[in-house]
Amino acid sequence: MMADMARASGASVVIVGGGVTGLSTGWWLARAGVDVLVLEKGIVGWEASGRNGGGATHVYSPFGLEEQRLWPQMDELLGYPTEYQPHRIGIALSETQLALARRWAEIGGTRGFRWELLDRRQLKELVPIVGDNAIGGTYLHFGGHANPQRTVQAYAWGLQDNGGRIQQHATVTGLTQRGGRVTAVQTTRGTFGADTVVIAAGPQTGAFADMLGICLPLAPARVEMIATEPIPLMRVGGVAGNGLYGRQTLRGNLVYGGGPHEWINVPDMATPEHANTPLVRNLARRLAELLPGAAHVRLIRAWSGLVENTPDGLPVVERLARPDNVVIATMSSVGFGLSPAVGRAVSELVRFGRCQFADLGALALGRFADTPRDWREHAGWAAAPSAVEAAAGGDD
Amino acid sequence: MRETDPRSIAGKLTPPDRRVPLVVVGAGAAGVAAAIEAARAGVEVVLIDEHPVDNDMMAMDVPLCFGQRMDGSVRNRALMLERVVETNPDLAAAHEAGVDVQLGTYVWGAFVNGPTVQELPCSMLGLADDRRSWLLGYDRLIVAAGARDVLLGFPGWERAGTLGAGGAAALLARYRALAARRVVVLGSGALGLHTASLALERGIEVAGIVEVDARVRGDAARAKTLTDRGVPVFLSHTLQSARGRTGEIESVVLVAVNRDGTPIAGSEREIACDAVCWAIGLVPNVELLHLVGARLRFVSQLGGWVPEVTARMRTSVPTVFAAGDCTGFHEGMLAAPDVARAEGRSAGRAAAESLGAARGREDETRRRVSAPPTADETHRYWRAWLDSLIAAGGWEVNVCQCEEVTRRELVETKPPRYLGWQSPQMSARSVTTLLRDGPLNQDQIKRLTRAGMGPCQSRRCREQVGLLLARAANTTLDRIPLPTFRPPIRPLPLNVLWPADEPAAMREEWVSWFGIPTQFSPHWTAGMAIDEPTAHARLIVSE
């Protein structure tokens, strides 16, 4: 009886996590006619999925070619704007930075993409606000960037347009297992039956793996970004360098992140704060160095986001052997740009048991079989011991 | 010994050059009283105030809505500093009491350790003047940041001349730099009457007081003094539009409204004026309190979101106190500046005692909330204005000036016009369809429409966006979650915010993303790491 009721409010596929990976997966499944339900603890795309740099240039990845193939089509496929813009420019302020920019370009080259080296004069023609401190750069005729906030909503809306459902403000509290399978997902808004479960819960993915008795080593961290007031549009908005990632938006804002991260613990399922630190000043300095012609531009916003990393920084995307109806997907902090391709891959793992366009062998969980439980301490990736502030005096 | 990741932030957030026992933000009545009280109890106090604000900031309607009606004298910093000191005699008293008074200083951020930040060496404020920024550590913080203006849009409100009561008062009484001769005041409550009186005192003509309500909301005797001096009061009226050539307001068109706020055809009248001043209420400045994690609650009769405070003005964060209009503004406060001072003294004394000073005098009784007629009084009044403006001016009016988002585009959750995006799917989406997914969230709709994302940091549109969303959702503003505030809470240039120097580790170990060598390695050449350069990457600029 209970199981029947759960089934009534369940779905063929229940996705835990309304971030960019879960939403893209849900959209691909819904397009294929699969009955899909996304469970999200807050609002769709509210965490790192909707607050990142928007880069879409990851040709090194097994998902990279599919990423490049899909992005130019996404607006049309989704029916909503993603603000996708093609091409990237890398600016170097030193020989070392130039070597890194070249290395990125060459990886594209080996995959068959075109790129060229820019001297300072060419760089200034393309990006008038670079300074004399730039020594050169790269122009990639591949890659690009999109607006994360608009894109996550586009996935969510596209999913609904194809008959999928999203349950926001539903925190997942448990996974019901029976006969070697996960049969239902328990939430603060009821229990939802499922034939297949996808866990794409960002920093919380590890906690769900734990519930299944699977050790998925993940270290959460906080990273920060800044945004300026709009300035006139450059010919190419995908301009970065000097240890910054980011872009000029189609509105004209310069939106950049980079620099040191803070390893933290995510204690529970609550929506975390998105607090900043004085690092925003260092980010401002790096941006003014990268684009000295914009040094006078006003900073109007900063924010932070929480991301998770595996020990090698690579994703875990795998359909588990047991329970055999569960797919785990964490992109190890690099999920937005790859999301069109990853969503497709996960939807194929759900439907066919394997990804049809790429070999995901390198992303299997098995590579962490020997990772000790205290790996974060060994790597220096543990959160700082909680700094308990001295209790203030007072008598009221 | 814990291993550390050299690319992490551990150890790179260095302590500020100066850390003081107590910082008071805001040198209004409450802030000065707090600072003096604490100083007299023997505490080292820094009192910070952003006035005089520089011209460029004022031009963005930050921190108050000045409506481009500043005269050229605001560019004279020395003169403005003189006037700020001269018009606030309390500042001299604070200085004499030993308070370190820092004027012309913006507080643009507050940084504290919390659930996702553990590496700060102490709690600190981000400060700046018009040339540089710095950090100031504190043991105790008293926020006395006052209140800001509430503006509602009408056709033509983008023109120079749309002010708020706070901006007008600052230009009239503090800066003596109002570049307007004939003003129309919107709102007949104590704030509207006060604004009109102040204008008359300073030799500005008041072309009318407009009230959507059928009665004068403020004191009748005070209103009569104004009408006796020839100020017309237009009851049951709203603003249809502002007109003028070359981007200036040169007149406004008023229209009489029915009880339900709908305009009465043929009742339009045009009134010559060069300024329109919104004086229907003020909103407590809770940005810093939000950033330090103080608990806020929505109290309509206090202007919206206000901090929870104890009788001694302590917030839910034990080291942070709040006093004055930032703890709640209602029109009765205009006649009772002693309440703000008493709150300031309470906060100053409580902060001092929490730092170990001897127990002071008994606390004074004070009462900020007078018994309200109804719980949502203030916002119902604002909503009546908004409804009348929509009825008279329509839906094609910008709600967000910075990003040029109209009321219609907001409630239809349209992507910004510059994307030129059209699709049947998009046309089917709106605030109404979003409501099916859950309660409306102003930050979510901001991301979609960009309303509130401009350089004024939503100072001109935050309330009206919220009210429009509440209207569309057939609910009240208290049901819309507080939209977040983020640093910098003042829009400051990169080359002001940047630090003059950085710890070597910050510079040498900087990477764009974690610095995990295998993270971006080509999957087809396993083990070929792409290490982001760090210590070797000496930057041209720093050489």
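Hey, can you tell me all the residues within segment A:58-76 that are under 24 Å from B:Arg447 (Cβ atoms) and within 11 Å of chain B (Cβ to nearest Cβ)?
A:His58, A:Asp75, A:Glu76
Being free of Cβ contacts under 8 Å to residues at least 60 places away in the same chain, more than 30 Å from A:Glu318 (Cα to Cα) and within 12 Å of another protein chain (Cβ to nearest Cβ), is that true of even one residue in segment A:109-130?
For segment A:109-130, residues free of Cβ contacts under 8 Å to residues at least 60 places away in the same chain, more than 30 Å from A:Glu318 (Cα to Cα) and within 12 Å of another protein chain (Cβ to nearest Cβ): present.
Could you figure out which of (1) assigned to a helix (DSSP H, G or I); (2) small (Gly, Ala, Ser); (3) assigned by TED's automatic domain parsing to the domain that holds A:Pro278 isn't true of A:Gly366?
Among (1) assigned to a helix (DSSP H, G or I); (2) small (Gly, Ala, Ser); (3) assigned by TED's automatic domain parsing to the domain that holds A:Pro278, the lone unmet condition for A:Gly366 is (3).
Hey, could you check segment B:413-437 for residues that are part of a loop (DSSP other than H, G, I, E, B) and touching a strand residue (DSSP E or B) at 6+ places or on another chain (Cβ under 9 Å) and say which is farthest from A:Trp157 (Cα to Cα)?
Taking the candidates together, the pick is B:Pro416.
Picking from B:Glu211, B:Glu248, B:Glu287, which residue would you name as being assigned by TED's automatic domain parsing to the domain that holds B:Trp108 and under 25 Å from the mean Cα position of the chain (by Cα)?
Answer to the selection: B:Glu287.
Evaluate the following for A:Pro72: is it more than 22 Å from A:Ser333 (Cα to Cα) and in contact with a strand residue (DSSP E or B) (Cβ under 9 Å, 6 or more places away or on another chain)?
It is true that A:Pro72 is more than 22 Å from A:Ser333 (Cα to Cα) and in contact with a strand residue (DSSP E or B) (Cβ under 9 Å, 6 or more places away or on another chain).
Only residues that are within 12 Å of chain B (Cβ to nearest Cβ) and either assigned to a loop (DSSP other than H, G, I, E, B) or surrounded by fewer than 24 Cβ atoms within 10 Å (Cβ to Cβ) (or both): list them for segment A:32-49, please.
The answer is A:Glu40, A:Lys41, A:Gly42, A:Ile43, A:Val44, A:Gly45, A:Trp46, A:Glu47.
From the residues in segment B:373-415 that are touching a Lys or Arg at 6+ places or on another chain (Cβ under 9 Å) and hydroxyl-bearing (Ser, Thr, Tyr), which one is farthest from B:Val431 (Cα to Cα)?
B:Thr374
Which of the residues spanning segment B:422-453 are among the acidic types (Asp, Glu) and at the interface with chain A (Cβ under 8 Å from one of its Cβ atoms)?
Once the filter is applied, which keeps residues that are among the acidic types (Asp, Glu) and at the interface with chain A (Cβ under 8 Å from one of its Cβ atoms), segment B:422-453 yields only B:Asp437.
Across segment A:124-146, what is the number of residues that are among the polar types (S, T, N, Q) and either in contact with a strand residue (DSSP E or B) (Cβ under 8 Å, 6 or more places away or on another chain) or not assigned by TED's automatic domain parsing to the domain that holds A:Asn253 (or both)?
1
For segment B:139-157, which residues satisfy the criterion of being more than 14 Å from chain A (Cβ to nearest Cβ) and in a strand (DSSP E or B)?
B:Val143, B:Ala147, B:Arg148, B:Asp149
Being free of Cβ contacts under 8 Å to residues at least 40 places away in the same chain, under 17 Å from the mean Cα position of the chain (by Cα) and outside the structural domain of B:Ser458 (by TED's automatic domain parsing), is that true of even one residue in segment B:90-97?
Looking through segment B:90-97, none of the residues is free of Cβ contacts under 8 Å to residues at least 40 places away in the same chain, under 17 Å from the mean Cα position of the chain (by Cα) and outside the structural domain of B:Ser458 (by TED's automatic domain parsing).
Which numbered condition trips up A:Pro86, out of (1) surrounded by fewer than 24 Cβ atoms within 10 Å (Cβ to Cβ); (2) outside any strand (DSSP E or B); (3) in contact with a Gly (Cβ under 9 Å, 6 or more places away or on another chain)?
The failed condition is (2).
Among the candidates A:Pro323, A:Pro311, A:Pro315, single out the residue that is more than 7 Å from chain B (Cβ to nearest Cβ), surrounded by 23 or more Cβ atoms within 10 Å (Cβ to Cβ), in contact (Cβ under 8 Å) with a residue 24 or more places away in the chain and over 20 Å from A:Lys124 (Cα atoms).
Within the list A:Pro323, A:Pro311, A:Pro315, the selection yields A:Pro315.
Taking the stated definitions as given, is A:Thr187 closer than 23 Å to B:Leu434 by Cα, in contact with a Leu (Cβ under 8 Å, 6 or more places away or on another chain) and more than 13 Å from chain B (Cβ to nearest Cβ)?
yes
Considering only residues that are among the basic types (Lys, Arg) and assigned to a loop (DSSP other than H, G, I, E, B), look in segment B:275-333 and name the one that is modelled with the lowest pLDDT.
In the first step, residues of segment B:275-333 are kept if they are among the basic types (Lys, Arg); the result is B:295, B:297, B:312, B:314.
Checking the rest, the ones that are also assigned to a loop (DSSP other than H, G, I, E, B) come to B:295, B:312.
Numbers: B:Arg295: 97, B:Arg312: 94.
By that ranking, first place goes to B:Arg312.
Does A:Leu29 satisfy being touching a residue at least 60 places away in the same chain (Cβ under 8 Å) and part of a strand (DSSP E or B)?
No, not satisfied.
Restricting segment B:112-138 to residues that are under 17 Å from B:Pro491 (Cα atoms) and facing chain A (nearest Cβ under 7 Å), which is surrounded by the most Cβ atoms within 10 Å (Cβ to Cβ)?
The residue in question is B:Gly126.
What pairs come out if I take residues in segment A:63-84 that are in contact (Cβ under 8 Å) with a residue 24 or more places away in the chain and of a type in the set (D, E, K, R) and pair them with residues that are surrounded by fewer than 21 Cβ atoms within 10 Å (Cβ to Cβ) and not in a loop (DSSP other than H, G, I, E, B) whose C-beta lies under 8 Å away, six or more apart or interchain?
Once the first residue is in contact (Cβ under 8 Å) with a residue 24 or more places away in the chain and of a type in the set (D, E, K, R) and sits in segment A:63-84, its partners that are surrounded by fewer than 21 Cβ atoms within 10 Å (Cβ to Cβ) and not in a loop (DSSP other than H, G, I, E, B) give A:Glu83/B:Leu419.
Can you name the helices (runs of 4 or more DSSP H) wholly within segment B:1-110 that have at least 1 residues being of a type outside the set (Val, Ile, Thr), surrounded by fewer than 22 Cβ atoms within 10 Å (Cβ to Cβ) and touching a Phe, Trp or Tyr at 6+ places or on another chain (Cβ under 8 Å)?
B:55-59, B:77-86
I'd like the full set of residues that are outside any helix (DSSP H, G or I) and among the small types (Gly, Ala, Ser), limited to segment A:152-192. Give the steps one after another, and end with the answer.
So in segment A:152-192, the residues outside any helix (DSSP H, G or I) come out as A:162-192.
A:Gly163, A:Gly164, A:Ala170, A:Gly174, A:Gly179, A:Gly180, A:Ala184, A:Gly190, listed by residue number.
Looking at A:Tyr84, A:Tyr80, which is the one that is farther than 22 Å from A:Tyr256 by Cα, within 14 Å of another protein chain (Cβ to nearest Cβ) and under 22 Å from the mean Cα position of the chain (by Cα)?
The unique qualifying residue is A:Tyr80.
Let me spell it out: the conditions are (1) at pLDDT below 95; (2) within 21 Å of the chain's Cα centre (by Cα), and B:Ala371 meets all of them except one. Which number is the exception?
Exception for B:Ala371: condition (2).
Just to be sure I understand the filter: pairs with C-beta atoms under 9 Å, separated by 6 or more residues or on different chains, first member in segment B:255-267 and at positive phi, second member at pLDDT 95 or above and not hydrophobic (A, V, I, L, M, F, W, C). Which pairs pass?
Qualifying pairs under 9 Å: B:Gly261/B:Thr238; B:Gly261/B:Asp387; B:Gly261/B:Ser388.
When residues of segment B:196-250 are filtered for being in contact with a strand residue (DSSP E or B) (Cβ under 9 Å, 6 or more places away or on another chain) and not in a loop (DSSP other than H, G, I, E, B), how many remain?
Within segment B:196-250, residues that are in contact with a strand residue (DSSP E or B) (Cβ under 9 Å, 6 or more places away or on another chain) and not in a loop (DSSP other than H, G, I, E, B) number 23.
Identify, from the list B:Gln422, B:Gln444, the residue that is surrounded by fewer than 18 Cβ atoms within 10 Å (Cβ to Cβ) and either out of contact with any Lys or Arg (no Cβ under 9 Å at 6 or more places or on another chain) or of a type outside the set (Ser, Thr, Tyr) (or both).
Sole residue among the options that is surrounded by fewer than 18 Cβ atoms within 10 Å (Cβ to Cβ) and either out of contact with any Lys or Arg (no Cβ under 9 Å at 6 or more places or on another chain) or of a type outside the set (Ser, Thr, Tyr) (or both): B:Gln422.
Can you tell me which of (1) among the aliphatic types (A, V, I, L, M); (2) crowded, with 22+ Cβ neighbours inside 10 Å; (3) within 8 Å of chain B (Cβ to nearest Cβ) is the one A:Ala99 doesn't meet?
Failing condition for A:Ala99: (2).
The values are calculated or read from the model by the stated rules, or taken from the named source; none is laboratory data. These numbers were taken from a predicted model, which means no experiment stands behind them. Cβ: placed from backbone, ideal geometry, glycine included. Neighbour counts: every protein chain shown.
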